[in-house]
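This report concerns only the one structure given below.
The values are calculated or read from the model by the stated rules, or taken from the named source; none is laboratory data. Computed from a prediction, not measured in an experiment: that's the story for all the values here. Positions of Cβ are generated from backbone atoms using ideal geometry, with glycine treated the same way; all protein chains shown enter the neighbour counts.
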Amino acid sequence: MCPCFIIFVYHDILSLKRIIILYLLALGGFMHAQDIHFSQFNGSLLNLSPGHTGLFDGDYRLSAIYRGQWYAVPVSYSSFSMNGEMRYKPDLGKPHAVGIGVLFNNDHAGYANYGGNQFYGSASYIYMARADSSLIVTIGANFGLCSLGFDYTKMTFDKQFNGFQFDPGLPTGENFGRTSQQYFDFNIGSVAQYVLNRKHKFSYALGVYHLTRPKLALQGNDVRYVDYKFSNCLGYTSPIAERTDIVAEALISNQSRYYELIPHVGLKYYMSRPENKAVSAGVCHRTRDALVVRAGYSNKTLLSGIAYDINLSRFNIASNYRGAFEVFVTYVIKNNYNFSAKKRACPSFM
């Protein structure tokens, strides 16, 4: 059983409150059976697919995203991810490039801070199948070292109740084999982007995760494995007016028996298309869980966004419909390359 299920509940607490707290912890175990995830999946592209590594117009890209969830209930969750990438074109005359990047994830849940850290190195091969860049295909992979565990000192147990109150000096009666573990992880992915008639942009991203099937054993002989995960993301963008684009996306992911479907539709309004200065707004629906309201701002190579999850599941009895808050920022750096034509002396025929 996951350590975050274990909690001391005072004997004089009302039974209803007891049930709610235990349900919160059980739900926390359910959520952490899945990988880190964000409602604004466009703000964490390397978690979406390793094929996104280096797939941008520029030389370097920096991204960071934070998610805080369920502050209205006793057990809260937080997730943070950041990455840095570079795009390298070894031969300017060839239709290919290489992407290299690093990715860091941090995730914690519950009273005992059950969660951990992930650090990946990522690489991709980017092929421009058409000279006008209307068709781009990538394939990528990342390999990383991950840690998982919980803080035993923040946990309390029923045996520490002396009949009148909680006594931290009493023995817990529990024997944990270990409270943390490290493992290696390997993921692959691919992305395809196609622009039709310089107007309709289609994209598809595929991610396949945990190919090493990492083994977890925090409780002695109770061995668990990290399940394979498959992620699919479809996207479509097209102008519908001189200053307005429609944006439609859908994320479909599966890990073990857990499925996540997030369709999104929104509008992007440009104050200046040449400078990519625009604001956006949209709505997502995480099926059977939440309605997500998203807003964004872009200016040249800066992209940012915020989102709020309105919890619509049966858990809203405890959450009071308050779900999660997210914020992300992405910045692309472009180097200025000065082109100087080679000069040759022109012969004089005078």
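See the values below:
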quantity	calculated
Selected residue (criterion: surrounded by the fewest Cβ atoms within 10 Å (Cβ to Cβ)) from residues of the stretch 51-79 that are assigned to a strand (DSSP E or B), at pLDDT below 95 and not hydroxyl-bearing (Ser, Thr, Tyr)	68
Conditions (1) in contact with a strand residue (DSSP E or B) (Cβ under 7 Å, 6 or more places away or on another chain); (2) under 23 Å from residue 49 (Cα atoms); number of the one not met by residue 240	(2)
Within the stretch 100-126, considering residues that are of a type in the set (Ser, Thr, Tyr) and modelled with pLDDT of 95 or more, the one nearest to residue 82 (Cα to Cα)	120
Top-ranked residue of the stretch 239-269 - restricted to ones that are of a type in the set (Gly, Ala, Ser) and part of a strand (DSSP E or B), ranked as modelled with the lowest pLDDT	253
Residue tally, condition surrounded by fewer than 19 Cβ atoms within 10 Å (Cβ to Cβ) and within 19 Å of residue 50 (Cβ to Cβ), over the stretch 107-127	6
Close pairs from the stretch 296-316: first surrounded by fewer than 16 Cβ atoms within 10 Å (Cβ to Cβ) and at pLDDT 85 or above, partner of a type in the set (S, T, N, Q) and outside any strand (DSSP E or B), Cβ under 7 Å, at least 6 apart	299/276; 300/276
Residue in the stretch 219-235 that is modelled with the highest pLDDT, counting only those that are over 25 Å from the mean Cα position of the chain (by Cα) and part of a strand (DSSP E or B)	223
Residue that is surrounded by the fewest Cβ atoms within 10 Å (Cβ to Cβ) [pool: residues in the stretch 241-278 that are over 23 Å from residue 307 (Cα atoms) and of a type in the set (Asp, Glu)]	242
Total residues in the stretch 199-218, condition more than 22 Å from residue 230 (Cβ to Cβ) and either of a type in the set (Gly, Ala, Ser) or at pLDDT 90 or above (or both)	4
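Condition check ((1) assigned to a strand (DSSP E or B); (2) under 28 Å from residue 61 (Cα atoms)) across all residues:
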| position | (1), (2) |
| --- | --- |
| 101 | yes, yes |
| 104 | yes, yes |
| 112 | no, no |
| 125 | yes, yes |
| 131 | no, yes |
| 138 | yes, yes |
| 147 | yes, yes |
| 184 | yes, yes |
| 191 | yes, yes |
